[in-house]
Amino acid sequence: MVKTRIAPSPTGIAHIGTAYMALFNHAYAKQNGGEFLVRIEDTDRARFVEGAEQVIYDSLEWLEIPYTPTFRQSERLPTYKKAAEELIATGHAYYCFCTPERLETMRKEQQSRKEIPRYDRTCLHLSKEEVLKRLEAGEKHVIRMQMPDNEVIVWDDLIRGHVEINTKELDDQVLMKSDGFPTYHLAVVVDDNGMEITHIIRGEEWISSTPKHILLYRCFGWQQPAFAHMPLLRNPDKTKMSKRKNDVSIPSYREKGYLPQALRNYLCLLGWSHPEEKDIFDLDEFIKLFSFERMVKGGPIFDSKKLQWMNGKYIRENMSVEQLTAALQPFLVPEFPADLLPKVLPLIRDRLVVLSDVNDLTKFFYTDISYPKEELCWKKTTPAEASEFLKAALHLLTSIDAWEAKRMEPILLEYCNSKEWNRGAFFMAIRVAISGRSITPPLFETIEVLGKEKTLQRLTSAIEVLS
Ligand code: GLU
């Protein structure tokens with residue numbers, strides 16, 4: 001059975017890259033009737049962040065990417081210890097007692113000789129007796145993997161094709177640290193084997209680690225899984241996607257009011273394309289159509305503008321009024337009037353990019369507004385002209401009893417034409433007067449929802465501002 005996994009480290013924010021990997025791992029597993037698992041790689045205690053694991057799980061749930069949770073690596077220390085000792089027994093690994101100070105001096109000397117810094121294998125040559133003595137004396141130590149000196153490791157990557165790396169380029173990797181925790185390299189292989197992972201789909205930043213892992217599979221005599229190294233997500237300037245240049249936190253997308261289905265859909269298009277070049281499709285369609293052949297190797301740009309466009313499109317076209325109303329509830333500020341949403345929703349729906357826009361777009365309906373005089377004067381309009389526009393509007397609207405957009409519009413338009421006023425200037429003055437903004441939902445529908453009393457009041461105060 002196909003089994004895929006992600007193995008996030010709880011070191012901080014739940015990263016958008018984790019969602020990206022989760023999505024592709026889930027899709028591939030699901031397409032093949034397999035299973036997608038999550039384990040938590042928490043062996044780097046220095047970078048561990050309390051609570052980060054829960055945020056990762058919550059983020060996957062919010063994104064509606066189904067997964068099977070498994071374990072934390074910190075719960076399995078004896079398993080890794082046993083595995084490392086097995087490698088020592090079979091001559092693939094050795095104890096190293098070198099102090100951090102000695103390693104640092106060694107590194108500096110190598111650098112000054114312009115050599116690639118690597119462990120000089122001092123401890124590889126210790127006698128068995130000496131090792132035993134030092135272990136018994138409780139000396140601090142790590143366990144290192146003994147890399148073959150000059151061997152080409154090759155694999156057929158599902159995305160990159162033939163990849164080869166010579167072990168000459170690899171250091172004698174630490175497998176067990178002095179704190180008793182395994183390094184990533186040991187734990188990842190022990191766990192992927194233990195979980196019977198068949199396909200490792202992960203970011204391209206791990207390519208240089210893969211030969212080490214392949215060697216470990218061989219040393220243990222385990223079956224090697226298939227590897228697919230996904231392209232790295234990039235900022236618009238092509239650098240690795242980073243929090244300085246992009247929002248990389250999944251919870252932050254949720255808080256701003258991105259829809260999980262839109263974010264998912266967007267992530268599908270990073271490095272993969274729909275066979276019919278479609279932009280909008282759901283997860284089921286992606287699962288059906290996904291193939292590694294359609295993946296590109298170059299790092300796709302995470303374009304927040306395109307994501308915004310997609311989110312707006314989902315809000316406009318892919319949700320019922322009921323769904324949208326429900327989705328907006330958590331975003332409404334406490335002072336939002338209970339009965340306002342059904343009235344304004346048809347007006348603002350096309351203008352929502354993210355759900356949290358609802359407040360900014362509707363605030364003027366229920367809070368006091370203010371603005372400087374100039375805003376009422378569109379382009380070259382003088383305050384006197386704007387005042388004349390507003391007085392006319394006040395007069396005409398006062399006389400309308402059936403307060404409906406479709407009645408107001410022709411009356412105001414006809415009057416404006418009869419006076420040969422500039423239509424843009426006339427309606428802009430009214431728009432700003434009633435809303436405090438130059439961009440609003442359609443003017444007359446807005447006036448209808450605002451109600452007669454408030455509209456007349458606001459026109460009156462705007463006339464005062466102009467006088
Ligand atoms: N813990 C690694 C990470 O945070 C997992 C890498 C892998 O998938 O092997 O990305």
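How about region 61-147: which strands (runs of 3 or more DSSP E) wholly inside it have at least 1 residues that are out of contact with any helix residue (DSSP H, G or I) (no Cβ under 7 Å at 6 or more places or on another chain)?
Once the strands (runs of 3 or more DSSP E) in region 61-147 are filtered for at least 1 residues that are out of contact with any helix residue (DSSP H, G or I) (no Cβ under 7 Å at 6 or more places or on another chain), what remains is 68-72, 142-145.
So, in region 378-391, how many residues would count as being surrounded by 15 or more Cβ atoms within 10 Å (Cβ to Cβ) and more than 15 Å from residue 461 (Cα to Cα)?
Adding up the residues that qualify gives 3.
Assuming residue 192 fulfils every condition listed in (1) more than 14 Å from the ligand (Cβ to nearest atom); (2) within 21 Å of residue 87 (Cβ to Cβ) apart from one, which condition is it?
That leaves (1) as the condition not met.
Residues are listed down the side, and each one gets a yes or a no for (1) exposed (fewer than 13 other Cβ atoms within 10 Å of the Cβ); (2) of a type in the set (D, E, K, R):
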{"position": "110", "(1), (2)": "no, no"}
{"position": "119", "(1), (2)": "no, no"}
{"position": "143", "(1), (2)": "no, no"}
{"position": "161", "(1), (2)": "yes, no"}
{"position": "172", "(1), (2)": "no, yes"}
{"position": "178", "(1), (2)": "no, no"}
{"position": "182", "(1), (2)": "no, no"}
{"position": "193", "(1), (2)": "no, no"}
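Which ones in region 23-70 are among the aromatic types (Phe, Trp, Tyr) and without any contact (Cβ under 8 Å) to a residue 40 or more places away in the chain?
Those that are among the aromatic types (Phe, Trp, Tyr) and without any contact (Cβ under 8 Å) to a residue 40 or more places away in the chain: 36, 48, 57.
Six or more apart or on different chains, Cβ atoms under 9 Å: show the pairs whose first residue is in region 1-12 and within 7 Å of the ligand (Cβ to nearest atom) and whose second is small (Gly, Ala, Ser) and part of a loop (DSSP other than H, G, I, E, B).
8/14
Scan region 205-219 and give yes if some residue there is in a loop (DSSP other than H, G, I, E, B), within 16 Å of the ligand (Cβ to nearest atom) and either under 28 Å from residue 77 (Cβ atoms) or in contact with a His (Cβ under 8 Å, 6 or more places away or on another chain) (or both), otherwise no.
no
In region 434-463, which residue that is under 18 Å from residue 351 (Cα atoms) and of a type in the set (Ser, Thr, Tyr) is surrounded by the most Cβ atoms within 10 Å (Cβ to Cβ)?
446
Pull up region 31-55, narrow it to residues that are assigned to a helix (DSSP H, G or I) and either out of contact with any strand residue (DSSP E or B) (no Cβ under 7 Å at 6 or more places or on another chain) or among the polar types (S, T, N, Q) (or both), then point me to the one that is farthest from the ligand (Cβ to nearest atom).
31
So in region 164-190, with the set limited to residues that are under 24 Å from residue 150 (Cα atoms) and part of a loop (DSSP other than H, G, I, E, B), which one is farthest from the chain's Cα centre (by Cα)?
For region 164-190, the residue satisfying everything is 172.
Report, ordered by the first and then the second residue, all pairs with beta carbons closer than 9 Å, sequence separation of six or more or different chains, a first member in region 112-141 that is at positive phi, and a second member that is surrounded by fewer than 13 Cβ atoms within 10 Å (Cβ to Cβ).
none
No value in this document is a laboratory result; all are computed from the given coordinates. Computed from a predicted structure; not experimentally measured. Cβ: placed from backbone, ideal geometry, glycine included. Neighbour counts: every protein chain shown.
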